[in-house]
Amino acid sequence: MVQPVAEVVEKPAEKPGDVKIEQKVEVTKEEKPVAEKITAGHVHLSGCTGCLVSLADNYEGLFKLLDDYVDWVYDLTLADVRHVPEMDVAFVEGSVCLNQDLAVEELRETRKNSKIVVALGGCACYGNVTRFGRGGQWNQPSHEAFLPIGDVIDVDLYIPGCAPTPQQILHVAVMAYLLLKGSDEQKELATSYLKPLMDLAKRGTEACGCDLMFDVINQSLCMGCGLCAASCPVRAIDMVFGKPQIDTSLCIKCGACYAQCPRSFLNMDVINEFEGITELVAAAMGTGGE
Amino acid sequence: MSKVVEISPTTRHEGHTKLVLKVNDEGIIERGDWLSLTPVRGIEKLAIGKSMHQVPKISSRVCGICPVAHTLAGIEAMEASICCEIPEDAYLLRVILQCANRLHSHALHNILTLPDMYLPGTDTHINPFTPEEPVRTVARRIQKLREIGQTVGEIAGGEPIHPSNPRVGGMYKNITPRAKAKLYDLAKEGAVLAREQMEFMITVLKDWENREAASVANGPEVAKTEKFGYHDQGYMAVDPLYGNSSLDVDQRWFPERWTEVRPWDWYMGEMEITMDDPNYPIGGTTPAGAMAWPQMEACTGVPLYDGVPVEVGPRARLSIFRNYDHKGAMGLQIARQMEYPDCLYSMIEAIDALDTSGSVLADEIPQGDGSLGWCANEAPRGTDVHLAKVKDGKVAWYSLLVPTTWNFPTCSRALEGAPWQLAEVIVRAYDPCVSCATHMLVVDESKKVVAQKLVQ
Amino acid sequence: MVLGNYKQCVSARATDRSILARAQDGGIVTQLFAFALDEGIIDGAIVAGQGEQPWQPEPIVATTKQELFAAQGTRYNICPNMALLKEATRSYGLDKVGVVGTPCQMQAVRKAQLYPVGMRYVGDKIALAVGIFCMENFPYQGFEAMTEDFCNVKLESAAKMDIGKGKYSVYTERGAVSQMPLKHTLKFVQPGCHVCLDYVANLADVSTGSVGSPDGWSTVFVRTKNGDDIWAKAMAAGCFETKPIEEVKPGLELVTKLATDKITKNQKHVDERATFGVRADGSGKALRSYL
Ligand SMILES: Cc1cc2nc3c(=O)[nH]c(=O)nc-3n(C[C@H](O)[C@H](O)[C@H](O)COP(=O)(O)OP(=O)(O)OC[C@H]3O[C@@H](n4cnc5c(N)ncnc54)[C@H](O)[C@@H]3O)c2cc1C
Ligand code: SF4
Ligand code: SF4
Ligand code: SF4
Ligand code: SF4
């Protein structure tokens, strides 16, 4: 018990018996206790650490996650490992500055060493505010090209938003765990759950409030629910006569509105199971009421 | 003959930095450079021409740990430039938000600090993530304090990470009486926990200070030096809690006393790394033979106040406003803990004073004539000064003097005289939050010349 | 999946006469929220308040029964209730949020819970989601044209609108009724409704509508564990008068028929979209399906 990571790594990877995740799940009947943890880490590029703070904002759930499901093997902010190790899931925060070799190298290293690369947050997915960067500032005036990581490496999964929410990060972490260590049924559920977020990664590296115009309203798909307005972190969206009005001079290009819109994706096979999945996550986190 | 050792990247703080250290035969640092390697996103430059409403939303994204400081400093710099007074209740909501953010940030910093410390009475480093007691109880309390801070941030600020409620001219929305009651309950609960946490942390920090020797992570024990983490630079703070701006009658920050030098004039030149330690935890130091060039690599400039680097942050605030006097790395750490209770007491005061039916948006929001306005916000890590010129609703000029940038050169000085193996402990005492320190600008040529003279 | 998962289905109406007097149908929505408010099951509910224009709804957070009562009745134009979903938990300080909405809005609620991309700490605070049946909705201007042009009633003097039995009906303050056939309203339907595959709010905790039950009564599906729990408590408290759905006319048969019609029609539309507007090289995406 010397310091966090060494301790975590040396710990026998077993799951305490008090986690009743399998019994609680309606969507799966698997009884076999899941034995190992997955390995995951946080790679910090040109981001603000808000994404990581958001992960920490699972509060007690963070401990549960680290106790039972995830060995957190890399994270300059929280642990003392200096170079990107091999891991199952890499959460990459921030865009990548093309004008700094170190950053590009670290990102490539991350891709090489990880099974699943998650673009965590608007900056990693879409560039977010760094899309506005134009260089010209001391002490590195040549730092002007900040790209979403998907422009440099293949990315498996997107978690848009600024900051991404603690719950979305938790859901992805739990599903990634089920995908890699769960029973066949759990794997299937996890695959269906993660698919739309994987599709987002394929959709491209640009996002803006304009997506609501281009890909929802221009497609005659908007029905005026208002969820986009609720999800915008800079209050750039007003509902005017039942449809979103986007103030593009406020939008920071985080991608939350489009991904949150029920008309961007609505995978009914998963959404229909909302009760079961909510219970599953709660049970996994030890917060299930009963 | 002194040797050069490099620790890169440093860990357990936010962002990318490294340490380039010249050490003597005993391994004591003769000169240390601590520098940011985080790419410069160039917020000051990208702001030009954008609307005064959007720019503070962007500057919030400078840092996700103290986004409230950057949001408020940005907004209030704009308000100062356009001469817009905000309603009292908007101000109170901002104060509540400020307290909430400091609470969460100090608590988060405890997690980063503890692994260097020992369980008092033992030689065991504290791993904040161990499920074992007594650590788990402390870790839970830290998360509870953060939860309280962040939840208050949600209610008063719309979001705790990058608050959405503050805007130029005040706030988008006042809160309801129900929300006010909830805030009050949260603050009351937090007050008790904060005091407990403060006491625990001070015990642990004093325990460290009284040890003869210490180690970083699972590295070897190294004898400590007497004045560990001392420096002779001054302090700068504008308020014990909130801030000060050019709209205030009683101004406590003076742009004319601020100058800035580029890293070229401050950091060390190119040199070869001549010493390494593959066993330094975890991953070893940079192999000997590699080159380091702090002048060229540093991503931040060096701001000066009255011609010298100054320390900002908890100790600076307590020294200036409360006569606190405890030097060294642990003196700074202890000062931070001493700010815990006030986060809650000041929050409660502001909640009490808040009128939930009051207007929170100025009747008129001028568009600005290009005058200079500034706001100095006391962020968790120290004075965060934003300066802006707004003309016709657009930002014509913007500059940020963020806390960690003030602290980089001061902390570099504080490394002198310490064993190099413990250098990271000093760095972490300053609670570096490096992504903020990525946008510095030399404003005006004449000032730069003055600055260079003063340094020589 | 035409009627979704449900634990029970009944025909019901509120026992509180004052609620019933102002209700669109059986007063289910308002009675349920009022009960939940009294019991502390919710701290408040997002309902359709009065917007700037006559009969234009605007989402509000109601935390008193007076506010709930004032928001009763159906406004046949878009009310973006989800826009307040986060704010209810923020400046309003609600820990337990009630929300009413159309089937598509219930989909939004569940997506916000399962994929909370921009909805930090909101999902866990949704305590009661009540869905209302919906065949289609209208933009305000379409609704205005239907009421003022086709039915010849100024919006200001309308007392109630209703859709049923193939007609759009407007009742005036003085008791007159003016009607138009539903087929003429098609032109005014908001286009987003044409891809909608849910009639009876399958994803709500409790969903309700007039179809299937006699006038003044509502058809109620109790769907989730949470919904079942709250419904049972409300029943025990005597909030509702109920009849088994099998005993009322026209009953579930009509609900099933309308739901099937809606889904069939819209599924066809969805399928058409997949190819509509595709450029010769297959690169166009106009009106593609979102599913
Ligand atoms: C656009 C639309 C189409 C509908 N189509 C059908 C249908 O085809 N078949 C059917 O059986 N029922 C339909 N309904 C539902 C029906 O009109 C009643 O709303 C429902 O039966 C509830 O009545 P109640 O007496 O229980 O509730 P009440 O006590 O009258 O309360 C109704 C609640 O709905 C809210 N509300 C009113 N307008 C809107 C709106 N535009 N959007 C969201 N919430 C609103 C009110 O604020 C109130 O809280 C439709 C409703 C709407 C809004
Ligand atoms: S997405 Fe937002 S929170 Fe995350 S790094 Fe970017 S600015 Fe920060
Ligand atoms: S409109 Fe808002 S939510 Fe959408 S991309 Fe822009 S900032 Fe993000
Ligand atoms: S979330 Fe999508 S469907 Fe809902 S209002 Fe916004 S754009 Fe329209
Ligand atoms: S028809 Fe469907 S999309 Fe249209 S308002 Fe009703 S539920 Fe929403």
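Annotations for the structure displayed:
- Counted as membrane-span-like here are DSSP H helices of chain C whose alpha-carbon atoms extend 30 Å or more along the helix's own axis and whose Kyte-Doolittle mean is -1.0 or above; these are C:252-275.
- Note on residue A:253: aspartates and glutamates with a C-alpha under 19 Å away, same-chain residues under 8 apart excluded, are A:93, A:144, A:151, A:199, A:206, A:211, A:215, A:238, B:44, B:159.
- Under 18 Å from the residue C:225 label point (7 Å along Cα→beta-carbon), backbone N, the range C:1-33: C:5-8
- Our summary gives the range C:1-79 a relative contact order of 25 percent, counting only alpha carbon pairs under 8 angstrom and 6 or more residues apart.
- Taking only protein heavy atoms and a 1.4 Å probe, the accessible area of the protein assembly as shown is 52% carbon and sulfur.
- Chain B: angle of helix B:403-414 to the longest principal axis, Cα-based, in degrees nearest 10: 20 degrees
- For the range A:58-157, the solvent-accessible area with a 1.4 angstrom probe is 31 square angstrom per residue.
- One compactness figure for chain B is 0.97, namely its Cα radius of gyration divided by 2.2 N^0.38 Å.
- For the protein assembly as shown, the percent of C-alpha pairs falling in each 20 Å distance bin, counted from 0 to the bin holding the largest distance, reads 13, 44, 32, 10, 1, 0.
- Averaging Cα coordinates gives a centre for the range A:177-193 and one for the range A:225-253; these two points are 35 Å apart.
- Relative contact order for chain C: 23 percent, from Cα pairs under 8 Å spaced at least 6 residues apart, divided by residue count.
- Per-residue SASA entry for residue C:246, accessible area with 1.4 Å probe, Å² rounded to 10: 150 Å²
- The range B:227-273: C-alpha gyration tensor shape, a/c 1.5 cut-off, then a/b vs b/c: oblate
- Long-range tail of P(r) for the range A:201-263 (Cα pairs > 13 Å, %): 56 percent
- Applying 1/(1 + (r/R0)^6) with R0 = 25 Å to the Cβ-Cβ distance of residue B:250 and residue A:248 gives a FRET efficiency near 0.05.
- Based on DSSP H segments of at least four residues, each scored -39500 (n - 2.57), the protein assembly as shown has a per-residue ellipticity at 222 nm of -10500 deg cm²/dmol.
- Here r is the Cβ-Cβ distance between residue B:181 and residue C:233 and R0 is 30 Å; the resulting FRET efficiency, rounded to 0.05, is 0.75.
- Cα→Cβ-extended label distance, 7 Å offset, between residue B:272 and residue B:372, nm: 4.7 nm
- Taken as Cα centroids, the range B:359-376 and the range C:167-206 sit 48 Å apart, rounded to the nearest whole angstrom.
- Taking every C-alpha pair closer than 8 Å and separated by at least 6 residues, the mean separation divided by the residue count of chain A gives a relative contact order of 19 percent.
- Legend note: in chain A, cysteines whose Cβ sits 4.7 Å or more from every other cysteine Cβ are A:48, A:51, A:97, A:123, A:125, A:222, A:225, A:232, A:251, A:261.
- Buried accessible area, chains B and C (both chains, 1.4 Å probe, Å² to nearest 100): 1100 Å²
- For residue B:397, the residues whose amide H sits under 5 Å from its own are B:389, ignoring neighbours fewer than 5 places away on the same chain, with H placed 1.01 Å from N.
- Cα→Cβ-extended label distance, 7 Å offset, between residue B:291 and residue C:271, nm: 6.9 nm
- The Rg/Rh ratio for chain C is 0.96, where Rg is the radius of gyration of the alpha carbons and Rh is the Kirkwood radius.
- Anchor residue B:224: lysines whose Cα lies under 19 Å away (excluding residues fewer than 8 positions away in-chain): B:22, B:206, B:327
- Cα pair distances of chain A binned at 5 Å [whole percent]: 1, 5, 12, 15, 17, 16, 13, 10, 6, 3, 1, 0, 0
- Charge dipole of the range C:53-179 (Cα centre as origin; +1 on each Lys and Arg Cβ, -1 on each Asp and Glu Cβ, all else neutral): 440 debye, rounded to the nearest 20.
- Separation in nanometres of the label points that stand 7 Å from Cα toward Cβ, at residue B:222 and residue B:195: 4.0 nm
- Among A:100, A:186, A:140, residue whose mean-square fluctuation peaks in a GNM of chain A (springs only between Cα atoms under 10 Å): A:140
- Lys pairs under 19 Å by Cα in the range C:138-188, provided they are eight or more residues apart or on distinct chains: 5
- Summarising the strand pairing of chain A, around 25 percent of its internal DSSP beta bridges are antiparallel.
- Note on chain C: with a GNM built from Cα contacts shorter than 10 Å, the maximum mean-square fluctuation among C:61, C:255, C:270 falls on C:270.
- Separation of alpha-carbon centers, the range B:161-179 and the range A:104-148, rounded to whole Å: 31 Å
- Between residue A:268 and residue A:184, the contour length at 0.36 nm per residue exceeds the Cα-Cα span by 28.2 nm.
- Computing Rg and the Kirkwood Rh from the Cα coordinates of the range C:138-188 gives a ratio, Rg/Rh, of 0.93.
- A Cβ-based charge dipole, computed about the Cα centre of the protein assembly as shown with Lys and Arg at +1 and Asp and Glu at -1, lands at about 2580 debye.
The values are calculated or read from the model by the stated rules, or taken from the named source; none is laboratory data. Keep in mind the model is a prediction, meaning the values are calculated, not measured. Because the Cβ atoms are built from the backbone with ideal geometry, glycine has one as well, and the counts that use them run over all protein chains shown. Protein only, heavy atoms only, side chains kept; ligands, DNA and RNA dropped before computing areas. Shrake-Rupley method; radii C 1.70, N 1.55, O 1.52, S 1.80 Å.
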